[in-house]
C-alpha cells in the first residue's frame, strides 16, 4: 500500500496531523518531524529548503518507502515542491496546502526580516505563540490554538531563524511547469501567510492541478475546518 506522507510547516510538527490520522480510511499515514521542529526539536534545524527536501527523501528511503502520496503544508509545501523537482518518480500524487513557490512570502502578515528581528528580541517561546496565533482566523481564541502553540514552542531560536532563512532564500517558480503529477492545491480563504496570488500561481502553473478553497479559516484549515479539509483530501487521494 502506498502511504500518505505529511510534511509540516514552519514551527510545526507531526502532532498537528492527529485529526487526519483516523479520517483517511485504509490509507497508511506517515508524519514527518523536520530537524529542529516537533519531536525532532533536539536536532539542529536546516537553513535551506533543498536541505530539508534531501533530509525527508533520505528519511523515507530509510523507512523503505520508495513511493508515496505527498502532502506539504506551508514551508512543508515548499519542501514538497523541491522533493518533486528532485525525485518525481517517487511521488504518486501531490497536495500543496497553504503554500507557495515564492520563498520571500510576498503579502505575509509581516516580512521575513521582521520575524527574524522579533524572534531575537522576544525569544523563541513568545515568537512561537505570537506567530501561531496568526495561523487561525480566531487567533488565540481558536479551539486548536493552544495545542498548535505548544508544538510551535518546541522550536528553538536557532530553528526559527533557520526556517525563516530557508524560506527567504528559496524559489520554486521555475519548476512548476515541469510537474507532471496530479496535484491538489488547498488554500484557506483568510490565510494571512500565503495570499491568493501564491495559490493562484501554483494552480495556474501546474498542468494537472485542482483547486480547493476552504472558507471561514486562515492558514490551518486542517485544524479550523477539519471535516471539510479531510473530506477534500480523502476524495483527492482515493479518486
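A simple packing score, the average count of other Cβ atoms within 10 Å per residue, orders the peptides 25-31, 146-152 as 146-152, 25-31, with the highest score first.
Would you calculate, for the chain, the mean residue ellipticity at 222 nm contributed by helices, counting each DSSP H stretch of 4 or more residues as -39,500 (n - 2.57) and dividing by all residues, to the nearest 500? Let's see the in-between values first.
Working: 10 runs with 99 residues, N = 239.
Mean residue ellipticity at 222 nm (helix-derived): -12000 deg cm²/dmol.
If a/c stays under 1.5 just call it rounded; otherwise compare a/b with b/c (prolate if a/b is bigger, oblate if not). Do that for the chain, with a ≥ b ≥ c from the square roots of the Cα gyration tensor eigenvalues. It is rounded, given that a/c, with a ≥ b ≥ c, falls under 1.5.
For the pair residue 231 and residue 61, label points projected 7 Å from Cα toward Cβ lie 4.1 nm apart. Relative to the longest principal axis of the Cα atoms of the chain, helix 75-86 runs at roughly 40 degrees. Going from the residue with the fewest nearby Cβ atoms within 10 Å to the one with the most, 135, 196, 187, 55 rank 196, 55, 187, 135. Taking a ≥ b ≥ c as the square roots of the eigenvalues of the Cα gyration tensor of the stretch 191-235, is the shape rounded (a/c under 1.5), prolate (a/b larger than b/c) or oblate? Because a/c hits 1.5 or more and a/b fails to exceed b/c, the stretch 191-235 counts as oblate. Fewest neighbouring Cβ atoms within 10 Å first, the residues 65, 99, 127 line up as 65, 127, 99. The ranking of 115, 205, 173 from fewest to most other beta carbons within 10 Å of each one's beta carbon is 173, 205, 115.
A short reminder: the numbers here are calculations on the coordinates, not readings from a lab. As the structure is a computational prediction, the values presented were derived from the model and not from experiment. Reconstructed Cβ throughout: ideal geometry from the backbone, glycine too, with neighbour counts over all protein chains shown.
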